[in-house]
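One structure below.
The values are calculated or read from the model by the stated rules, or taken from the named source; none is laboratory data. Everything numeric here is computed off the predicted structure, so don't read it as measured data. Here the Cβ positions follow ideal geometry from the backbone for every residue, glycine too, while neighbour counts run over all protein chains shown. What goes into the accessible areas is simple: the full protein's heavy atoms, side chains included, and nothing from ligands, DNA or RNA. Shrake-Rupley method; radii C 1.70, N 1.55, O 1.52, S 1.80 Å.
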Amino acid sequence: MSKPTINKIIPFDASYDYTVSMSYIGNIPYKNRIIIYNAKTLSVVYDHISDAGISLEHMIPANTLTNGNKYAIQSQVYDSMGVESALSDKTYFWTATVPSFYFDNVNDGDTIPTASLYAELIYDQPEWEDIAEFRFQLYDEVKNLLFESNPVYTTDNMNYAFRGFENEKFYHIRAVGMTINGIVLDTGYIRIYVKYKNPSDFSNIYATCNNHNSVVTYRTNFTIINPGKDSVSGNEGDYEFYNSFINLIDKTLVYDKDFIVNGDFTMSIRGINMYRTATILKCADDTYGFTLSSYIYDDRWMRYKLTVPNGICNYILYTEPIMPVPGDIVTVHIRRVGHIYQLTCFIDTDYVEKHNMWFGSKRPTNSNLASYDIWVNNGEPGVVRIDKDDVTVFYRNEEPGYLAENKYDIWIGGEQT
């Protein structure tokens, strides 16, 4: 009789039943036998004959083998007369615990309130089986594949930003991959629903009155996007956040999530120390894009330039010349209406720096102080921190009556009017 052949065995979890298949050409098989060896010592760990009839399969019972080990296997078949075939050639395989492979921050059925999703993928395998490759996939509601990422070959970064979700639609996200020994990885289809507020709808305006000083604060559904500390490239997490401005000198700030502009828009950019020749901002996706840059001319005047790709050429706009001095606040407005752009800039001369205030006789510790905070020893025991937005500074000759109601307000007297 000819000898059988063991079909390829991918790594499997030995804590579950596993069925080995084989190929054989010859007399009709009546029984089959498998012998499993420890691959290092070649000692027999399992030897069993199965009355499987003509089936060329043999089940290895759960917990017969141990996860994390390499084994060799041979097979043999018997015909109805009991004649046995030669043993097959040895085939080697691994056993390994089923890996954990899932999205950590997204659950099936979640509602996503933005047009993008930063998905965090988790992989864990107790026997330290490395991943060979994996990739991310996006599907529509009926599981038609919309997008697949390039393969990733390292687990240094297992996060991915899905972008461009349309509002009020269902999607499925998924990650698939394989380990170095062939274990298939699959998160399965994770169904999500996208529901976010249309940025073009500015009808929601809320007013809050401070009873202590009669200051009214207005809120709308405009969103100020603050970067995470790992958003600054080159020096991860190393940046100063001061008076609502981020110090980006010699650094680059990248937003790759929670930020999308659809259709017409108005964008405002404010900055200090903007007198320089540099690329200020780049915005791009698969459809739209523009670049805002600044240039100082020989006469020391500076202009901003907006460059928008427009088919075979660029759409270019310049601002009026300005000459800001250090400390000036420069504001640049970019507006798009029906693919027509408008660019303007101005210097804000009314800007006043505001700092968090500390009141009390006890000096605050350095670890609690932010840059440019102010400590006022007012003789009261202890120390209390007052947010800069809750302190009103009055510049006038006569003491304002509101100070009696809010003891942390400040009056600066003199010749002010």
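Would you mind finding the one in Thr114, Thr97 that is surrounded by 15 or more Cβ atoms within 10 Å (Cβ to Cβ), of a type in the set (Ser, Thr, Tyr) and within 30 Å of Ala161 (Cβ to Cβ)? Even if it seems obvious, please write down each step before you answer.
Working: Thr97 fails: within 30 Å of Ala161 (Cβ to Cβ).
Of Thr114, Thr97, the one residue that is surrounded by 15 or more Cβ atoms within 10 Å (Cβ to Cβ), of a type in the set (Ser, Thr, Tyr) and within 30 Å of Ala161 (Cβ to Cβ) is Thr114.
Condition first: touching a strand residue (DSSP E or B) at 6+ places or on another chain (Cβ under 7 Å) and assigned to a loop (DSSP other than H, G, I, E, B). Now tell me which residues in the stretch 22-41 satisfy that. Walk me through it before giving the result.
Of the residues in the stretch 22-41, the ones touching a strand residue (DSSP E or B) at 6+ places or on another chain (Cβ under 7 Å) are 22-24, 27-39.
Listed by number, the residues that qualify are Tyr24, Asn27, Ile28, Ala39.
Filter the stretch 308-345 for residues that are surrounded by 12 or more Cβ atoms within 10 Å (Cβ to Cβ) and either of a type in the set (Asp, Glu) or in contact (Cβ under 8 Å) with a residue 60 or more places away in the chain (or both) and give the result.
The answer is Asp328, Val330, Thr331, Val332, His333, Ile334, Arg335, Arg336.
Yes/no per residue for (1) under 18 Å from Ile122 (Cα atoms); (2) open to solvent by 70 Å² or more (accessible area, probe 1.4 Å); (3) free of Cβ contacts under 8 Å to residues at least 12 places away in the same chain:
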| site | (1), (2), (3) |
| --- | --- |
| Leu145 | no, yes, yes |
| Asp156 | yes, yes, yes |
| Asn159 | yes, no, no |
| Gly164 | no, no, no |
| Tyr171 | no, no, no |
| Val176 | yes, no, no |
| Asn181 | no, no, no |
| Val184 | yes, yes, no |
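Tell me, which strands (runs of 3 or more DSSP E) wholly within the stretch 283-357 include 1 or more residues that are modelled with pLDDT of 90 or more and among the small types (Gly, Ala, Ser)? Please lay out each step first, then the result.
Numbers: elements: 289-296, 302-310, 313-318, 329-337, 340-348.
Fully inside the stretch 283-357 and qualifying: 289-296.
Against the conditions (1) on the phi > 0 side of the Ramachandran plot; (2) open to solvent by less than 80 Å² (accessible area, probe 1.4 Å), where does Asn63 fall short? Just the number, please.
So Asn63 meets the others, but not (2).
Could you check the stretch 293-307 and list, in sequence order, the residues that are open to solvent by 50 Å² or more (accessible area, probe 1.4 Å) and among the hydroxyl-bearing types (Ser, Thr, Tyr)?
If we filter the stretch 293-307 for residues that are open to solvent by 50 Å² or more (accessible area, probe 1.4 Å), which is where we start, we get 295, 297-301, 303, 305.
Of everything in the stretch 293-307, those that are open to solvent by 50 Å² or more (accessible area, probe 1.4 Å) and among the hydroxyl-bearing types (Ser, Thr, Tyr) turn out to be Tyr295, Tyr297.
Inspect all residues belonging to the stretch 122-129 and state whether any of them is closer than 30 Å to Ile6 by Cα, modelled with pLDDT of 95 or more and hydrophobic (A, V, I, L, M, F, W, C).
no
Scanning the stretch 25-51 for residues that are touching a Lys or Arg at 6+ places or on another chain (Cβ under 8 Å) and in contact (Cβ under 8 Å) with a residue 40 or more places away in the chain, which turns out surrounded by the most Cβ atoms within 10 Å (Cβ to Cβ)?
If we take residues in the stretch 25-51 being touching a Lys or Arg at 6+ places or on another chain (Cβ under 8 Å) and in contact (Cβ under 8 Å) with a residue 40 or more places away in the chain, then Tyr37 is surrounded by the most Cβ atoms within 10 Å (Cβ to Cβ).
Write out, first by first residue and then by second, each pair whose Cβ atoms fall under 9 Å of each other, whose residues are 6+ apart or on separate chains, and whose first residue, in the stretch 4-21, is open to solvent by 10 Å² or more (accessible area, probe 1.4 Å) and part of a strand (DSSP E or B) while the second is modelled with pLDDT of 90 or more and of a type in the set (Asp, Glu).
If the second residue must be modelled with pLDDT of 90 or more and of a type in the set (Asp, Glu), the pairs left are Thr5/Asp89; Ile6/Asp89; Thr19/Glu57; Ser21/Glu57.
If the requirement is being β-branched (Val, Ile, Thr) and either in contact (Cβ under 8 Å) with a residue 60 or more places away in the chain or open to solvent by less than 20 Å² (accessible area, probe 1.4 Å) (or both), which of these qualifies: Ile73, Ile122?
Of the residues listed, the single one that is β-branched (Val, Ile, Thr) and either in contact (Cβ under 8 Å) with a residue 60 or more places away in the chain or open to solvent by less than 20 Å² (accessible area, probe 1.4 Å) (or both) is Ile73.
Just one of the numbered conditions (1) of a type outside the set (Lys, Arg); (2) over 13 Å from the mean Cα position of the chain (by Cα); (3) open to solvent by less than 10 Å² (accessible area, probe 1.4 Å) is not true of Val106; which one?
The failed condition is (2).
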